[in-house]
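Asks: Got a structure for you, written out below as C-alpha cells; questions coming shortly.
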Protein chains: 2
Amino acid sequence: MAAEGVTAKRADARRNVESILDAAVALLAIDPGVSVNEIAKAAGVGRVTLYGHFPSRAALVEAVSLRVIASTDQALGAIDLEGDPRDAMARLLEATWRLTHRFGAVVIAASGVLTPEEMRRVHEGLARRVHALVERGRDEGAFRRDMPVVWQLATIQAVLHGASAAVHRGDVTTDDATRLVRDTVLAALAVTSSA
Amino acid sequence: MAAEGVTAKRADARRNVESILDAAVALLAIDPGVSVNEIAKAAGVGRVTLYGHFPSRAALVEAVSLRVIASTDQALGAIDLEGDPRDAMARLLEATWRLTHRFGAVVIAASGVLTPEEMRRVHEGLARRVHALVERGRDEGAFRRDMPVVWQLATIQAVLHGASAAVHRGDVTTDDATRLVRDTVLAALAVTSSA
C-alpha cells in the first residue's frame, strides 16, 4: 500500500511537471514576460506545487528552453533534405520559419537565463543543416558560387529576422511570410545568367 | 579695434565648433562610447572650450547627429536615380552601404540622445528614395511584382543590416560587402521565369 502510494504520487508529480512545462511553452511563446502565477493557473496547479518542481522562474524558463531546443532539433531532424537542393531548402525554410514563429519568444525569454553555450546550441542545429545544404547546392550547380558561403548563410538569417520584424509590424501575415521567405532566399541563392 | 576683436573671437569660436564637430563625427563613427576628453584632444581644444560650446556630452552627440543626418541627406540627394532601375538601385545601395558603414556608429551613439522623431528622420530620407525606386522598377517591369513592396523594402533593410553584422564578425570585408549587398538585393528583386 505504501509503495503504491509513492508510485501514484510520482505519477502525479510527472503529470504536474508535464502540465507546467506545456503551459509555460505555450504562454512564453506568446509573452516572454509572462508571470509564474499565470503559468501555474494555465497548468491547473497551485503556486506551491509549481515552486516545488521549479524553485525559481529562471529554473522554469531554463527547463522550457531546453525542451524547446530538443523539440526543435527533433523537428528539423525529421525534414527530408535529400533531392533537389532548391526543394530541400524550401522545406527547411518553411520548417524554420514555423519554429521561429512558434518558439521565438521562448528564446527571447531564455536569453537572460540560458548560458551563452546553451544559446549557441539553440541556433547550432539549424545553422549546421542550412550550411550543409548550401554547400551541396553549390556543389551541384543549383546555388550560385560567386558569393561566399558565409555571406549566403548570413543572408538567409537576415531574411528570416526581417520576416519576423515584418510580421511583428503587421506588414505581412505569418502565412504570407512563409512563401516570401522561401521565394526571397531561393532568388538570392539562384544561379544567375551573369554569375 | 574692439569690433575687430569681437569678430576675430567669433571666427575662432566658429573654427573651434567646426573642429569639435569634425573630431566628434570621426571618433563617434569608430566608437559610440568615446569620451568628451578624447574628442576635445582630437579637436585640439581644451575641455573648457568644448563645454563652452556644448554644455554636455548629450548636446554634442545631438549636434553631431543632426550634422550626420544633413550630410547623409545631401549625399543621397546627389545620387542619380534615373535610368534603368537596376543600375539606379546599385548606385543607391552602394551609397547607402558606404554611409551606413561611415555613420552607423554615430547613429548608435545618438540613439539615447535624439528624439524618436529625429531618429525617424535618420532613416526617412533613405527609405523614401528606396521606396520610390522599387515602385518605379515594378512599374517598368525590372523588379518582380509577386511580392508586396513592403516586403521588398524589408528585405533590402535586412540585407543591409545583415551585411553590417557580417563585417562586424569579420566574415566579409567592407569592400566585398558592397558588391554582395548589391548582387543579393538585385537577385531578390529580379523578375524570375516563374514570377
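Asks: Which one of these does residue A:113 not meet: (1) out of contact with any Leu (no Cβ under 6 Å at 6 or more places or on another chain); (2) at pLDDT below 90; (3) crowded, with 22+ Cβ neighbours inside 10 Å?
Replies: (3)
Asks: Would you check if residue A:108 is surrounded by fewer than 21 Cβ atoms within 10 Å (Cβ to Cβ), β-branched (Val, Ile, Thr) and at pLDDT below 85?
Replies: Considered against the rule, which asks whether it is surrounded by fewer than 21 Cβ atoms within 10 Å (Cβ to Cβ), β-branched (Val, Ile, Thr) and at pLDDT below 85, residue A:108 comes out as yes.
Asks: Give just the number: which of (1) charged (D, E, K, R); (2) over 29 Å from residue A:29 (Cα atoms); (3) within 10 Å of chain B (Cβ to nearest Cβ) does residue A:179 not satisfy?
Replies: (2)
Asks: Sticking with this structure for a sec: Could you give every pair whose Cβ atoms fall below 9 Å, whose first residue belongs to the range A:120-136 and is farther than 13 Å from residue A:149 by Cα and in the same structural domain as residue A:108 (by TED's automatic domain parsing), and whose second residue is of a type in the set (Asp, Glu) and in a helix (DSSP H, G or I), counting only separations of at least 6 or pairs across chains?
Replies: Listed by first residue and then by second, the contacts come to A:121/A:73; A:125/A:73; A:126/A:73.
Asks: Are any residues in the range A:76-111 touching a residue at least 12 places away in the same chain (Cβ under 8 Å) and in a loop (DSSP other than H, G, I, E, B), and if so, which ones?
Replies: Those that are touching a residue at least 12 places away in the same chain (Cβ under 8 Å) and in a loop (DSSP other than H, G, I, E, B): A:79, A:81, A:84.
Asks: Here is a further query. Given the conditions (1) within 12 Å of chain B (Cβ to nearest Cβ); (2) over 21 Å from residue B:166 (Cβ atoms); (3) not hydrophobic (A, V, I, L, M, F, W, C), which single one is not true for residue A:144?
Replies: (2)
Asks: Looking at the structure I just gave you, is residue B:152 crowded, with 22+ Cβ neighbours inside 10 Å and either within 10 Å of chain A (Cβ to nearest Cβ) or under 25 Å from residue A:168 (Cβ atoms) (or both)?
Replies: yes
Asks: Moving on to the next point. Given B:115, B:192, which one is within 12 Å of chain A (Cβ to nearest Cβ) and without any contact (Cβ under 8 Å) to a residue 60 or more places away in the chain?
Replies: The unique qualifying residue is B:192.
Asks: Pairs, please: C-beta under 8 Å, at least 6 apart or cross-chain, first residue on the phi < 0 side of the Ramachandran plot and in the range A:33-51, second part of a loop (DSSP other than H, G, I, E, B)?
Replies: A:40/A:46
Asks: Determine, yes or no, whether residue B:58 is surrounded by fewer than 16 Cβ atoms within 10 Å (Cβ to Cβ), small (Gly, Ala, Ser) and over 18 Å from the mean Cα position of the chain (by Cα).
Replies: Yes.
Asks: Being in a loop (DSSP other than H, G, I, E, B) and within 17 Å of the chain's Cα centre (by Cα): is that true of residue B:114 here?
Replies: Judged against the criteria, residue B:114 is a match.
Asks: Another question about this same structure. Is it the case that the range A:129-139 has a residue that's assigned to a helix (DSSP H, G or I), of a type in the set (Gly, Ala, Ser) and within 14 Å of chain B (Cβ to nearest Cβ)?
Replies: no
Asks: I'm checking my understanding of the structure. Among residues of the range A:1-47 that are closer than 18 Å to residue A:108 by Cβ and among the β-branched types (Val, Ile, Thr), which one is surrounded by the fewest Cβ atoms within 10 Å (Cβ to Cβ)?
Replies: For the range A:1-47, the residue satisfying everything is A:30.
Asks: Let me ask you something else. Mind checking which pairs have a first residue in the range A:57-70 that is in the same structural domain as residue A:104 (by TED's automatic domain parsing) and outside any helix (DSSP H, G or I) and a second that is surrounded by fewer than 17 Cβ atoms within 10 Å (Cβ to Cβ) and of a type in the set (Phe, Trp, Tyr), Cβ under 7 Å, 6 or more apart or different chains?
Replies: Nothing qualifies.
Asks: Would you mind telling me which numbered condition in (1) over 21 Å from residue A:145 (Cβ atoms); (2) of a type in the set (A, V, I, L, M); (3) touching a strand residue (DSSP E or B) at 6+ places or on another chain (Cβ under 9 Å); (4) within 13 Å of chain A (Cβ to nearest Cβ) residue B:158 fails?
Replies: Unmet condition: (3).
Asks: Something else about it: Take the conditions under 18 Å from the mean Cα position of the chain (by Cα), among the small types (Gly, Ala, Ser), surrounded by 14 or more Cβ atoms within 10 Å (Cβ to Cβ) and not assigned by TED's automatic domain parsing to the domain that holds residue A:20 and apply them to residue A:142. Does it pass?
Replies: Considered against the rule, which asks whether it is under 18 Å from the mean Cα position of the chain (by Cα), among the small types (Gly, Ala, Ser), surrounded by 14 or more Cβ atoms within 10 Å (Cβ to Cβ) and not assigned by TED's automatic domain parsing to the domain that holds residue A:20, residue A:142 comes out as no.
The values are calculated or read from the model by the stated rules, or taken from the named source; none is laboratory data. The structure presented is a predicted model; accordingly, all values stated were derived computationally and were not measured. When we count neighbours, we look across all protein chains shown, and the Cβ atoms used for this are built from the backbone with ideal geometry, even at glycine.
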